[in-house]
Amino acid sequence: MSDNDLADLDLWGNEVYRTVGKRGRPPFERTEENASKVSMLLAMGWSNDRIASVIRDPRTGTPISVPTLKRHFRSELKLRLVARDQMVARQLMQSWEQADKGNVGAMRFFEILRQKNDMMAAEEMMGQTRDRAAAARPKPGKKEVNQQAALDADAALEAELEREADGARRH
């Protein structure tokens with residue numbers, strides 16, 4: 001009998017041991033270190049399964065489950081779509097602060113981040129231009145689709161006949 005157990009008597013006088021405290025595994029406790037890790041991994045585009053496999057319960061040392069991840073890190077998971085932007089914004093701010101103080105390495109790093117940002121903005125603008133051009137182009141109707149299919153079939157038949165004719169000449 002341990003210190004946590006208490007002996008009582010049941011209706012017939014037999015000893016019954018009741019434990020003090022809660023049974024089962026203790027609930028997961030969220031730490032700020034794990035919250036920061038979840039935010040960073042979301043910014044890197046990791047799935048919930050991958051994130052849960054690297055977050056460890058500090059008391060047991062075992063990975064947590066996806067439902068536990070969702071339960072304890074809901075606020076971080078809600079920001080999945082903007083996590084990357086938040087990370088880049090933080091990098092920009094930190095490098096700008098250091099560059100403003102005269103740190104030459106930070107100035108170079110800030111210039112690299114600025115160039116990446118400009119390229120990303122140009123790609124986004126080009127994508128929007130393509131989307132608008134595709135939306136402006138009318139979809140072909142049923143008659144046009146059928147007519148094009150007939151022309152393609154006719155061209156394929158002519159090509160096949162040419163191949164057969166070339167094969168007959170070689171023999």
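The values are calculated or read from the model by the stated rules, or taken from the named source; none is laboratory data. Not measured: the values here are computed from a predicted model. When we count neighbours, we look across all protein chains shown, and the Cβ atoms used for this are built from the backbone with ideal geometry, even at glycine. With ligands, DNA and RNA removed, areas are computed over all heavy atoms of the protein, side chains included. Shrake-Rupley method; radii C 1.70, N 1.55, O 1.52, S 1.80 Å.
Per the Kirkwood treatment, what hydrodynamic radius in Å, one decimal, follows for the chain from the mean inverse distance over all distinct Cα pairs? Please list the in-between numbers first.
Numbers: mean 1/r = 0.0413 Å⁻¹.
That comes to 24.2 Å for the chain.
First compute the accessible area of the stretch 88-171 with a 1.4 Å probe, then give the percent of it belonging to carbon and sulfur atoms. Write down the numbers at each step before the final one.
Numbers: 4320 of 7570 Å².
Roughly 57 percent of what the probe reaches on the stretch 88-171 is carbon or sulfur.
Using a basic spin-label model with each label point 7 Å from the Cα along Cα→Cβ, how many nm lie between residue 116 and residue 147?
Those two pseudo-labels are separated by 5.1 nm.
Most fluctuating residue of 16, 82, 38 in a GNM of the chain with Cα springs under 10 Å: which is it?
16
If I model a spin label at residue 31 and residue 15 as a point 7 Å from the Cα along the Cα→Cβ vector, what separation in nanometres do I get?
Modelled inter-label distance: 4.0 nm.
Select from 128, 86, 94 the residue whose mean-square fluctuation is largest in a Gaussian network model of the chain (Cα-Cα springs shorter than 10 Å).
In this elastic network of the chain, the residue with the biggest mean-square fluctuation among 128, 86, 94 is 128.
Count neighbours as other Cβ atoms within 10 Å of each site's Cβ, and list the GluC sites (Glu not before Pro) in the stretch 112-164 that are DSSP loop with at most 15 such neighbours.
none
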